[in-house]
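Beneath this line is the structure, given in structure tokens, with notes to follow.
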Amino acid sequence: MLLHPPQVADGLAAAEILRAEDPDGFAALAETTVEWHYIPEDGRIGNGRASGPVIKLDPASGAVVQLRWSNKDRGWLSRAETVQVPHFYRGYRRFASLLNEAPVQRSVRLEPGAFLLLDNWRVTHGRRSYVGKRSLKGASILRRTWAGAQRMQEAAEATGELKQYDAPEPDIRTSLRRLDEGTSKEYAAQGPLWAALVTPSALTAQVLSLLRSMDGEHTRFGFRVNGYEHSLQTATRALRDGADEEMVVVALLHDVGEALFAANHGEIIAAMLRPFITERSYFVLKHHDLFQGYHYAHHFGLNRTARDALSDSPHYTACVYFTDAWDSLAFDPDYQSERLAVFEPMVARVLGREQYALTPDNPKNAVAWKETDLGVTDAHAHVPATCES
Ligand SMILES: [Fe+2]
Ligand SMILES: [Fe+2]
């Protein structure tokens, strides 16, 4: 959770407010040439210079066409009329405050993996302080490159010669109103859309996005590590204890259900991973919260041995080991966990398995399902709309 999300401001709107409030200050920002000088703090190559006004106007219409706004890179004023200097600084101060005022400012909450595209000639952007970890990556594309690509597309559209990358998605809308009205051709066209969602890389990205979303104060609950750090530590303990790869992945993701729904997090992640894991891992995920209670439930007046009701399960011992040897110990802020990158390929390999391949008796097992389909008749068509008990 971003406590202080990135802030963006509509510089064009701020400029128009300034033009209405203080025409002389606005004119000074439009007519005074400023020397801009970017000097990287770490001495890297890439320092640059530019000259130009804060507000660039279209000479014919007077419309604002570009803003230059980076106060830390602002150098001296050149070619400034002496009489305009006081107007410049008054206008500059007011413009700075306008950019930080509500009418032109927006907060944008970035979810993990989100992409924010900004027109740097119009929109200013910044971010406020933040407690926790975050990683923002920036990239720039020259405006003339963007504009050139747009002109190419417009020309291609005008001649009907759309480039492949501009081609619209094929129209696969069907006319069906009930699933049993669909044709094989229609379903064949839809198939790739569904298939793209369940590739190992797509599933891995999805579940790791949930895991990363736990990295913050909102999952600390008074502990000395947050939920993300706890997850890495649980997985690292399992890895160093010699657990098999699937169990390491189980350890990494065992609390991800909390990112989706506060209650019943064990069953949530168990259901999510079920197609790819053994019954043992499914049991561990599903019941780890109950088994974990052995270590603290009595402080809430609950029965700490409630897990023993499941002692007949062949997976009881595995779940006890999971909670007692890894999960319950993984709240140590001094423990040196492996980085998430170490576990990512493991997650991809587990999620790359054929679904339910490890549980042949599951009716969703691909082989069993195909066999079942061979014998399917219209029986389901006769199920009444309402079921009597
Ligand atoms: Fe848990
Ligand atoms: Fe846990």
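Within the stretch 169-223, restricting attention to residues that are of a type in the set (Ser, Thr, Tyr) and part of a helix (DSSP H, G or I), which residue is nearest to residue 132 (Cα to Cα)?
Residues of the stretch 169-223 that are of a type in the set (Ser, Thr, Tyr), as a first pass: 174-175, 183-184, 187, 199, 201, 204, 209, 213, 219.
Then keep just the ones that are part of a helix (DSSP H, G or I); that gives 184, 187, 201, 204, 209, 219.
Details: 184: 50, 187: 46, 201: 27, 204: 24, 209: 16, 219: 11 Å.
Once the filter is applied, the top-ranked residue is 219.
If I ask for residues that are within 16 Å of ligand 1 (Cβ to nearest atom) and in a loop (DSSP other than H, G, I, E, B), which ones from the stretch 230-255 would you list?
Of everything in the stretch 230-255, those that are within 16 Å of ligand 1 (Cβ to nearest atom) and in a loop (DSSP other than H, G, I, E, B) turn out to be 254, 255.
Residue under question is residue 294, and the condition is that it be assigned to a loop (DSSP other than H, G, I, E, B) and touching a residue at least 24 places away in the same chain (Cβ under 8 Å); does it hold? Spell out the reasoning first.
On the way: assigned to a loop (DSSP other than H, G, I, E, B): no; touching a residue at least 24 places away in the same chain (Cβ under 8 Å): yes.
In short, no.
Out of (1) within 16 Å of ligand 2 (Cβ to nearest atom); (2) on the phi > 0 side of the Ramachandran plot, what's the single condition that is false for residue 289?
The one condition residue 289 does not meet is (2).
Quick one: in the stretch 91-112, which of the residues that are modelled with pLDDT under 80 and assigned to a loop (DSSP other than H, G, I, E, B) is nearest to residue 15 (Cα to Cα)?
Looking at the filtered set, the residue picked out is 108.
Out of the stretch 9-55, which residues are under 34 Å from the mean Cα position of the chain (by Cα), at pLDDT 85 or above and part of a strand (DSSP E or B)?
Result: 9, 10.
Pick from the stretch 271-297 the residues that are away from ligand 1 (no atom under 11 Å from the Cβ) and among the aromatic types (Phe, Trp, Tyr): which of them is surrounded by the fewest Cβ atoms within 10 Å (Cβ to Cβ)?
The residue in question is 296.
Scan the stretch 262-270 and give yes if some residue there is away from ligand 1 (no atom under 13 Å from the Cβ), in the same structural domain as residue 218 (by TED's automatic domain parsing) and at negative phi, otherwise no. Please lay out each step first, then the result.
As a first pass, look at the stretch 262-270 and keep what is away from ligand 1 (no atom under 13 Å from the Cβ): none.
Looking for residues that are away from ligand 1 (no atom under 13 Å from the Cβ), in the same structural domain as residue 218 (by TED's automatic domain parsing) and at negative phi, one finds none in the stretch 262-270, hence no.
The values are calculated or read from the model by the stated rules, or taken from the named source; none is laboratory data. All figures in this text were calculated on a predicted structure; none of them were measured in a lab. Every residue, glycine as well, gets a Cβ built from its backbone with ideal geometry; the counts of neighbours run over all protein chains shown.
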